[in-house]
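The values are calculated or read from the model by the stated rules, or taken from the named source; none is laboratory data. Because the structure is predicted, anything quoted here is derived from the model rather than measured. Cβ: placed from backbone, ideal geometry, glycine included. Neighbour counts: every protein chain shown. The area values use the complete protein model at the heavy-atom level, side chains included, leaving out ligands, DNA and RNA. Shrake-Rupley method; radii C 1.70, N 1.55, O 1.52, S 1.80 Å.
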Amino acid sequence: MSHHPIVPREKLDFQLDSDDIPQYWFEGDAFKSRYFDAMSTIFPEGERYFISCVRDYRDQITDPQLKAEVKDFMRQEGQHGIVHNQYNDRLRKQGIDVDMLERIQHHLLFNIVRKRLPPHVTLADTAAAEHLTATMAHVLFEGHSQLDHVDPRIRAMYAWHAMEEVEHKAVAFDVLQKVAKVGYTRRVMALVIVTLGFNLNALLTTRYMLKCDGHGFFKRLGLFAKGLWWLYGPGGVYGRMTGLYLQYFKPGFHPWQQGQLKSYDVWLDVFNRTGDPIAAGNALRSQGA
Ligand SMILES: [Fe+2]
Ligand SMILES: [Fe+2]
């Protein structure tokens, strides 16, 4: 049902092991850099969780197209986990205890959520999380890009991840509706829970990282005050997401109603011509940036 084929892209080189990537790679800003770093530590376990929750239903899928899309969805999410792991090695070198963070994520997602909740509920969580990531992709790279003044290698990683999130944005949703036959209430409840859980998780991890960086309580308070405004204020990252985000609450919603990301064709064209994800990421900068 996708508007574009889902293309798993493997062995991409983002040069994430380069020594000259600044610690605060996002506009030199501690909060913005660490917030995105926090998301990166959530992704590997998160994507393993998404794969597991969709895999629960794989044998019940009869539509060959959806079956193929599920396979490509799993391959894409698997690659995202691998690349974010490479990225997280940078964080390890900076003194962030990534293994501890991942142990916590794993425990929450696999030992608690997946053990205690039935598969249709965890699949609803996955579809909701996919709505969040696709919406974020639209907001980060549509129109005036939020990632104009950041390190090009890290922009490239997030750009690639965002484009593939858009390519496969309807897969978990289609399994949820067509195979698991989950209804409206469960679907939207999952979005509320996942939104709260993800935001709390990302903010607590950001706080931990800023502490590791040696910022004292009052410094962190200042960084958080400015950072929360950047995230949730009008025109902020999540502020700009609100319209697309809320569409999930429409009873007849389907992810492809949001259409394709306009910058997707630009990214795909440069990537296909050059095979270079960094050049493709650079092509997404806003005009004149
Ligand atoms: Fe992903
Ligand atoms: Fe995804």
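Brief remarks on what is shown
- Of all residues in the stretch 61-85, those that are at pLDDT 95 or above have Cβ atoms under 8 Å from Cβ atoms of residues that are polar (S, T, N, Q) and within 16 Å of ligand 2 (Cβ to nearest atom), 6 or more apart or on another chain, in 69/2; 84/40.
- Residue pairs whose Cβ atoms lie under 6 Å apart, sitting 6 or more positions apart in sequence or on different chains, and linking a residue in the stretch 207-225 that is in contact (Cβ under 8 Å) with a residue 60 or more places away in the chain to a partner that is loosely packed, with under 12 Cβ neighbours inside 10 Å, are 212/95.
- Going through (1) open to solvent by 10 Å² or more (accessible area, probe 1.4 Å); (2) within 16 Å of ligand 2 (Cβ to nearest atom); (3) not aromatic (Phe, Trp, Tyr) one by one, residue 182 falls short only on (2).
- Within the stretch 122-136, residues that are among the hydroxyl-bearing types (Ser, Thr, Tyr) have Cβ atoms under 6 Å from residues that are more than 14 Å from ligand 1 (Cβ to nearest atom) and in a helix (DSSP H, G or I) in these pairs: 122/114; 135/241; 135/244; 135/245, counting only partners at least 6 apart in sequence or on another chain.
- Any chance residue 92 is within 13 Å of ligand 2 (Cβ to nearest atom), more than 19 Å from residue 203 (Cβ to Cβ) and either at pLDDT 95 or above or surrounded by fewer than 20 Cβ atoms within 10 Å (Cβ to Cβ) (or both): no
- Qualifying residue in the stretch 185-199 (condition: at pLDDT 95 or above and within 11 Å of ligand 2 (Cβ to nearest atom)): no
- A residue that is under 20 Å from residue 148 (Cα atoms), part of a loop (DSSP other than H, G, I, E, B) and polar (S, T, N, Q) occurs somewhere in the stretch 21-35.
- Residue in the stretch 92-99 that is small (Gly, Ala, Ser) and within 30 Å of residue 279 (Cβ to Cβ) present: no
- Candidates in the stretch 46-77 are the residues that are charged (D, E, K, R) and under 12 Å from the mean Cα position of the chain (by Cα); of these, the one that is farthest from residue 160 (Cα to Cα) is 47.
- Some residue of the stretch 53-66 being assigned to a helix (DSSP H, G or I) and of a type in the set (Asp, Glu): yes
- Sole residue being closer than 18 Å to residue 40 by Cα, assigned to a helix (DSSP H, G or I) and more than 16 Å from ligand 1 (Cβ to nearest atom), chosen from 155, 114: 155
- Residues of the stretch 252-267 classified as of a type in the set (A, V, I, L, M) and modelled with pLDDT of 95 or more, total: 0
- Boolean, residue 169 is within 30 Å of residue 280 (Cα to Cα) and either open to solvent by 40 Å² or more (accessible area, probe 1.4 Å) or not in a helix (DSSP H, G or I) (or both): yes
- Residues (touching a His at 6+ places or on another chain (Cβ under 8 Å) and under 15 Å from residue 139 (Cβ atoms)) located in the stretch 256-277: 258, 259, 260, 261, 264
- Given (1) over 26 Å from residue 17 (Cα atoms); (2) within 20 Å of the chain's Cα centre (by Cα); (3) small (Gly, Ala, Ser), index of the condition residue 233 fails: (2)
- The residues in the stretch 123-135 that are more than 9 Å from ligand 2 (Cβ to nearest atom) and crowded, with 22+ Cβ neighbours inside 10 Å can be counted, and the count is 7.
- Single residue of the stretch 1-38 satisfying the filter (crowded, with 17+ Cβ neighbours inside 10 Å and among the acidic types (Asp, Glu)) that is farthest from the chain's Cα centre (by Cα): 29
- Residue count for the stretch 44-89 satisfying the condition of being under 21 Å from residue 122 (Cβ atoms), open to solvent by 80 Å² or more (accessible area, probe 1.4 Å) and among the polar types (S, T, N, Q): 1.
- Tally of residues being open to solvent by less than 10 Å² (accessible area, probe 1.4 Å) and within 15 Å of ligand 2 (Cβ to nearest atom) across the stretch 146-160: 3
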